[in-house]
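The values are calculated or read from the model by the stated rules, or taken from the named source; none is laboratory data. Being a predicted model, the structure only gives us computed values, none of them experimental. For neighbour counting, all protein chains shown are included, and Cβ atoms are generated from backbone atoms with ideal geometry for every residue, glycine included.
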């Protein structure tokens with residue numbers, strides 16, 4: 001966990017300097033005021049404010065701590081690559097064993113999605129500015145997206161050929177969005193979702 005001690009003419013100035021050096025937001029840190037600013041005798045030799053800024057709410061730190069503990073409990077050796085960019089947190093689990101990563105992914109990505117959901121809750125707890133968390137391993141997300149796009153195109157063609165709607169298997173919101181997006185410009189069909197989570201599914205309908 002990173003921390004830094006800074007001084008400034010005011011507490012606010014010292015905090016701002018610390019945040020700039022850490023490249024973090026105020027929501028990412030805890031602040032301990034070590035010394036309040038004070039005026040010297042006859043206004044001379046005043047004492048500066050001193051603060052300790054601790055990056056204990058940094059999303060990268062929180063993600064690494066949670067996933068490291070989880071992987072230890074699952075007895076899965078792996079490394080983490082965590083990057084933060086424009087309100088999003090990209091997390092990749094890099095495992096030593098393909099089968100271990102299969103456990104992380106789970107059936108149709110169910111386990112990966114569950115871990116991503118928990119990680120998002122932890123990272124965003126108490127935050128005003130929401131951070132979108134994207135968790136991946138072995139490029140599963142991209143592979144799954146290609147599979148879903150192929151499925152969407154195939155099922156849309158089937159609906160047009162048979163002249164009736166087609167219901168897809170239940171999917172999570174992320175996967176449903178991929179289907180809807182893939183078929184936006186597909187001629188002769190429209191898409192919508194029906195049902196309640198976790199059994200909500202996409203319907204490909206004839207216009």
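Tell me, which helices (runs of 4 or more DSSP H) lie completely within the range 1-106 with 1 or more residues that are surrounded by 16 or more Cβ atoms within 10 Å (Cβ to Cβ), more than 17 Å from the chain's Cα centre (by Cα) and outside the structural domain of residue 127 (by TED's automatic domain parsing)? Lay out the reasoning, then the answer.
Values: elements: 11-22, 59-74, 98-105.
Here the list reads 11-22.
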For the range 118-132, give me each residue that is touching a helix residue (DSSP H, G or I) at 6+ places or on another chain (Cβ under 8 Å) and farther than 18 Å from residue 56 by Cβ. 118, 130, 132
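Any residue at all in the range 155-162 that is surrounded by fewer than 15 Cβ atoms within 10 Å (Cβ to Cβ), closer than 23 Å to residue 197 by Cα and in the same structural domain as residue 187 (by TED's automatic domain parsing)? Steps first, answer last, please.
The first filter runs over the range 155-162 and keeps only residues surrounded by fewer than 15 Cβ atoms within 10 Å (Cβ to Cβ), leaving 158, 161-162.
Now narrow it down to the ones that are closer than 23 Å to residue 197 by Cα: none.
No - not one qualifying residue is present in the range 155-162.
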Given the structure, is residue 166 in the same structural domain as residue 97 (by TED's automatic domain parsing), in contact with a strand residue (DSSP E or B) (Cβ under 7 Å, 6 or more places away or on another chain) and surrounded by 18 or more Cβ atoms within 10 Å (Cβ to Cβ)? no
Determine which single condition residue 157 fails, assuming it passes every other condition in (1) within 12 Å of residue 205 (Cβ to Cβ); (2) at pLDDT 95 or above; (3) over 31 Å from the mean Cα position of the chain (by Cα). (1)
